[in-house]
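Engineer: After the structure tokens below, expect a handful of questions from me.
The values are calculated or read from the model by the stated rules, or taken from the named source; none is laboratory data. Here the structure is a predicted model, which is why all the values come from computation and not from measurement. All Cβ positions, glycine included, derive from the backbone under ideal geometry; neighbour counts span all protein chains shown.
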Amino acid sequence: MNLSNIQPAVGSVKTNKRVGRGVGSGKGGTSTRGHKGAKSRSGYSRKIGFEGGQMPLQRRLPKFGFKNINRVEYKAINLDLLQALAEEKKLTKIDVAGMIDAGIIKKNQLVKILGNGALTVKLEVEAHAFSKSAEAAITAAGGNAIKL
């Protein structure tokens with residue numbers, strides 16, 4: 001085998017259809033577009049969702065729901081995660097900056113502490129929101145829940 005006799009696999013290379021190059025080519029005249037109608041004209045583009053004049057799907061279905069522009073998204077963090085973090089790094093205070101450093105949250109996220117898990121260490125926790133059970137568990141362990 002050498003470079004002079006290398007060929008592509010049979011059927012892998014196709015020649016382009018040359019349309020509009022005279023009657024003798026077999027693809028002259030209408031250039032494979034058929035006779036008349038919008039599809040045969042230059043510059044034709046069908047609307048997105050067009051179904052040939054039938055009522056399109058997005059108009060057949062009813063409208064519903066809305067986006068609440070005042071919604072506040074919190075990153076949920078449970079007490080068992082705070083417990084593990086406090087034991088691992090021997091912390092007495094956990095704030096948002098500490099959570100960012102630990103890789104639990106991203107820089108601009110708001111934090112809500114939820115009450116899943118048990119808390120045995122006395123912790124001072126700073127967050128944007130607390131569930132009632134989380135706040136109760138923190139204060140029961142002798143700690144402090146500080147809302148930002």
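Engineer: What tally of residues in the range 73-122 results from selecting those that are over 19 Å from residue 146 (Cα atoms), within 28 Å of the chain's Cα centre (by Cα) and not charged (D, E, K, R)?
Structural biologist: Residues in the range 73-122 being over 19 Å from residue 146 (Cα atoms), within 28 Å of the chain's Cα centre (by Cα) and not charged (D, E, K, R): 2 in total.
Engineer: Among the candidates 32, 15, which residue alone is among the β-branched types (Val, Ile, Thr), part of a loop (DSSP other than H, G, I, E, B) and free of Cβ contacts under 8 Å to residues at least 12 places away in the same chain?
Structural biologist: 15 is the lone residue from the list that is among the β-branched types (Val, Ile, Thr), part of a loop (DSSP other than H, G, I, E, B) and free of Cβ contacts under 8 Å to residues at least 12 places away in the same chain.
Engineer: Can you spot a residue in the range 121-134 that is in contact with a Phe, Trp or Tyr (Cβ under 8 Å, 6 or more places away or on another chain) and at pLDDT below 95?
Structural biologist: No, because not a single residue in the range 121-134 is in contact with a Phe, Trp or Tyr (Cβ under 8 Å, 6 or more places away or on another chain) and at pLDDT below 95.
For (1) more than 22 Å from residue 90 (Cβ to Cβ); (2) of a type outside the set (Phe, Trp, Tyr); (3) assigned by TED's automatic domain parsing to the domain that holds residue 86; (4) loosely packed, with under 15 Cβ neighbours inside 10 Å, each residue gets a yes or a no:
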{"residue": "104", "(1), (2), (3), (4)": "no, yes, yes, no"}
{"residue": "110", "(1), (2), (3), (4)": "yes, yes, yes, yes"}
{"residue": "120", "(1), (2), (3), (4)": "no, yes, yes, yes"}
{"residue": "130", "(1), (2), (3), (4)": "yes, no, yes, no"}
{"residue": "134", "(1), (2), (3), (4)": "no, yes, yes, no"}
{"residue": "138", "(1), (2), (3), (4)": "no, yes, yes, no"}
{"residue": "141", "(1), (2), (3), (4)": "no, yes, yes, no"}
